[in-house]
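Data first, discussion second: the structure below is written as structure tokens.
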Amino acid sequence: MNAYFYTLGCKVNQYETQAMRQMLEKQGMETAEFVLGQPDIGNAVLVINSCTVTGESDRKLRQLLRRCRREHPQAILVLTGCMPQAFPEVAQAFTEPDIVLGNAQRRDLPVMIERFITDGCRVAAIPPHEKTIEPLTICKFRDRTRAFLKIEDGCNRFCSYCIIPYARGRVRSKPLDTLRREVEDLAQQGFAEVVLVGINLTAYGQDLGLSICDAVETVCAVDGICRVRLGSIEPDHMTDAVIDRLAMCEKLCPQFHLALQSGCDATLKRMNRRYTTAQYRTVCDRLRKQFPNAALTTDIMVGFPGETQEEFEASLQFAQSIGFSRIHCFAYSKRAGTPAAAAKDQVPNAEKARRNRLMIEMGERCAEQYAQSLIGCEVDVLLETVQADGTVEGYTDTYIPVYVTGGREGELCRVRITCEQNGCCFGDKTE
Ligand code: SF4
């Protein structure tokens, strides 16, 4: 029997999809990524791993379920992920899925499928999160040169716009031994780079008396791994002690995705974020002191309820002053069940779209400036994807996309940067 997977959302979801694929492969199934519009898959299994971070993601999920059931009427349709965990009643009312599974007990997926095949009865299991992290592990990561490695789940913060703590529960961390064994398996599979991910990554270890530094040191100590990259991190977790300790980890990529969300203190307060812009800048300065060519990337939200024109301007100017190498911008999206959704002073959609465009344009200029600063430099590039024109795309340790002629996927090579276009670099291999 075959099983297809369709993953929405973040790197943690992509990791969990990989873990679920391996579980079904152990049961003798062939697994593959599901491609929308592919021919009818018959009575194969189709797992949709959902995201619920915005109202828009729920709308898209609704459409996807209807389309998949229409185009694959005999398929065993499984809905799992954050949407059913955050909104169990809504998910269980969907008529399309045969199996509805939250994100707390993915390891039950094979049993659930077996049960449905046996008695044909619809299965729904959305238990609450356990006190410890679910023991999911991977030993490979399909179609990738870099492996995403989930080391933490849950969040205790409850930012006023965020539904994730309701979908993911409280902070739970992967024990270091489990982590070490997982990375050793990935190194044996030839993965040169590991990206550590979590729901609140830098909260790692709060439940085990450890810190993110322990996880990074453990992964860096594994032979065969050349690069260790961090997923999204929380600014106030990056204390001087943490930064100084991380600076001792030679394999750690000097690229830090430091979620800002807003460059205005009044807005940060309403978002229930745990830092001010002054504290954020101090963390940036410390990172640049300890990691000289560090690249800082970030997430910024515009149009948060109550955001005045002046507050938006302050946010724009602050973000510009940091000199990010990449900014992921998005307009505030009302999320039922969060405090911000109940706020009276919602910003009109047209105004949100205008602010988002201005922030994106500024972000693109910053990305170009950062990429231009690499012209004439020699950098290490991990090659990933051969393009149709024969060039190969790869990434620097600062996560800048680079295109070279010749080379193979997974090759770590030295490149002299010759030019830049739209924030991407082009260069020649020097070895
Ligand atoms: S830190 Fe805030 S934004 Fe991030 S997952 Fe937790 S509640 Fe959501």
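The values are calculated or read from the model by the stated rules, or taken from the named source; none is laboratory data. Keep in mind it's a predicted model, so treat the numbers as computed, not measured. Here Cβ is always computed from backbone atoms with ideal geometry, including for glycine, and neighbour counts include all displayed protein chains. The accessibility values were calculated without ligands, DNA or RNA, using every heavy atom of the protein model including side chains. Shrake-Rupley method; radii C 1.70, N 1.55, O 1.52, S 1.80 Å.
Ranked by the mean number of other Cβ atoms within 10 Å of their residues, highest first, the peptides 227-233, 82-88, 359-365, 345-351 fall in the order 82-88, 227-233, 359-365, 345-351. With each label modelled as a point 7 angstrom along the Cα→C-beta vector, the ASP223-GLN290 pair spans 2.9 nm.
Extending 7 Å from the Cα toward the beta-carbon at both GLU368 and GLU33 defines two label points whose distance is 3.0 nm. When DSSP beta bridges are restricted to pairs lying wholly in the chain, around 35% turn out antiparallel.
Divide by every residue of the chain the summed helix terms, -39500 (n - 2.57) for each DSSP H run of at least 4, and state the resulting mean residue ellipticity at 222 nm, rounded to the nearest 500 deg cm²/dmol. Calculated from helices alone, the mean residue ellipticity at 222 nm is -10500 deg cm²/dmol. Here the 3J(HN,Hα) profile of the stretch 121-127, calculated from phi with Karplus coefficients 6.51, -1.76 and 1.60 at θ = phi - 60°, is 8, 4, 10, 9, 9, 10, x Hz, Gly and Pro shown as x. Apolar share of the accessible surface for the chain: 51 percent from carbon plus sulfur atoms, 1.4 Å probe. Built from the Cα atoms of the stretch 2-125, the convex hull projects on average onto 6.7 nm², one quarter of its surface area. Per residue, the accessible area of the chain comes to 42 Å² when a 1.4 Å probe rolls over the protein heavy atoms. From most to least packed by mean Cβ count within 10 Å, the peptides 20-29, 168-177 give 168-177, 20-29. The shape of the stretch 309-388 comes out prolate: with a ≥ b ≥ c from the C-alpha gyration tensor, a/c is at least 1.5 and a/b beats b/c.
Report relative contact order for the chain in percent, whole number only (criteria: Cα-Cα under 8 Å, sequence separation at least 6). Averaging sequence separation for qualifying contacts and normalising by length gives 10 percent for the chain.
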